[in-house]
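Q: Structure in structure tokens, see below.
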Amino acid sequence: MPNATLSDALKEAYARAPTDTVIINTLELRHPAFTEPLRVVADFVAIDALLEDTAPLNAGEVVTFQPYQFEFQLPEVIDNGIPELVITIENVSREIIRNIELAVPETDKLEVTYRAYLNSDLTTHGPHNNPPLHLTITSIQATSSTIEARASIVDFVNKKFPNQEYTDVRFPGLIAD
């Protein structure tokens, strides 16, 4: 099934695979327990790249993605079911492990954004998958050197509705005297 979120340049790079055009895959991990988002690039050198204007953090700014070896499987574009992204990051630093350990016991969800860039215009054009893929980590396993995570779009089926809890503390008028 065609993916309408990919730019024409990225579609061409996938289809033709020109030797002078390289697709650069990045991940951004966010959680309130982090002092700053963790941004990684599947490369051997750090890159500076422009974020989209609708980015959750640092919108429209050029940010640095640190080099880490990671593998991922993009979710399939399907009409039914919940697509899932599988991420494996190898040789993670202590900083990343420390941040993951801070996030796991928290009730806030760990979020991940996948962005695909072309090497020809990292700082002049935002990511070429527009909008970038924003997912929530549903499970994560970490060892001393590897992180494996599964992320999916928010599960609307199991979301509480209404999403507020009406308690006597927040709404004292609910309790009759």
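The values are calculated or read from the model by the stated rules, or taken from the named source; none is laboratory data. These numbers come from a predicted model, not from an experiment. When we count neighbours, we look across all protein chains shown, and the Cβ atoms used for this are built from the backbone with ideal geometry, even at glycine. To get the accessible areas, we keep the full protein, side chains included, count just its heavy atoms, and leave off ligands, DNA and RNA. Shrake-Rupley method; radii C 1.70, N 1.55, O 1.52, S 1.80 Å.
Q: Where only protein heavy atoms count, and the probe is 1.4 Å, what is the accessible area per residue for the range 32-93 in Å²?
A: 58 Å²
Q: Something else: Under a point spin-label approximation (7 Å from Cα along Cα-to-Cβ), what is the Thr19-Val45 distance to one decimal in nm?
A: In this crude label model, Thr19 to Val45 measures out at 2.0 nm.
Q: Now for a separate question. Considering all projection directions equally, how large on average is the shadow of the alpha-carbon convex hull of the range 66-152, in square nanometres?
A: 6.8 nm²
Q: Given R₀ = 41 Å, what would the calculated FRET efficiency be for Asp53 paired with Gln141, taking r from the Cβ atoms and rounding to 0.05?
A: With a Förster radius of 41 Å, E is 0.75.
Q: Subtract the Cα-Cα distance of Ser93 and Asp8 from 0.36 nm times their separation in residues, and report this length gain in nm to one decimal.
A: That works out to 27.0 nm of additional length.
Q: Assuming R0 = 45 Å, what is the FRET efficiency of Glu61 and Asp168, from their Cβ-Cβ distance, to the nearest 0.05?
A: 0.50
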